[in-house]
Amino acid sequence: MALKKIGGKEFTKSRSFKDVSIGFMRNPFTDDISSVSNENSIKQAVKNLILTVPGEKPFQPLVGSRVTSLLFEPLDGFTADAIQDEIINTINQYEPRVKLTDVVVTPIYEGNKVHVVIEYQVVGLPIVETIEFVLQRPE
């Protein structure tokens, strides 16, 4: 996995992660595509994993979640629970760099939206990170 021993101590530290920025913005200093690193890279990866539909990723047809299709179901407590379960299962299955601590899905009945809060711990670090976003059907 992505862990390494630090100076013979009893704890491990996660290695650094780097990824391309989802906005594909240009770095003004290097004229290259800007990048995100470490915690921001993991946040971007988790959010992209949830929003990816299975079959959308080339050569990996099982990667993704059914959250987008669940947004077309009638919005009630059962749908919110199904979205929460889908997020938990997807992250646990496809993102080994994080350990989930909490997932909260709150329906917003005006506009058929769902507010999602994901709390997780990066493997090897004692810090709890939070991702917060709103899901809604494409119009």
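The values are calculated or read from the model by the stated rules, or taken from the named source; none is laboratory data. What you see is a predicted model; the values in this text were computed from it and never measured. Quick reminder, even Gly has a Cβ in these numbers, built from the backbone with ideal geometry, and neighbours come from all protein chains shown.
Side notes on the structure shown:
- Within region 58-72, the set of residues being free of Cβ contacts under 8 Å to residues at least 12 places away in the same chain and surrounded by 12 or more Cβ atoms within 10 Å (Cβ to Cβ) comprises Gln60 only.
- Residue list for region 104-136, restricted to those being touching a Ser or Thr at 6+ places or on another chain (Cβ under 9 Å), over 16 Å from Glu86 (Cα atoms) and free of Cβ contacts under 8 Å to residues at least 60 places away in the same chain: Gln121, Val128
- Residue identified as at negative phi, of a type in the set (Gly, Ala, Ser), loosely packed, with under 11 Cβ neighbours inside 10 Å and modelled with pLDDT under 90 among Gly7, Gly23, Gly77: Gly23
- Lone unmet requirement of (1) farther than 14 Å from Gln84 by Cβ; (2) charged (D, E, K, R); (3) surrounded by 12 or more Cβ atoms within 10 Å (Cβ to Cβ) for Glu139: (3)
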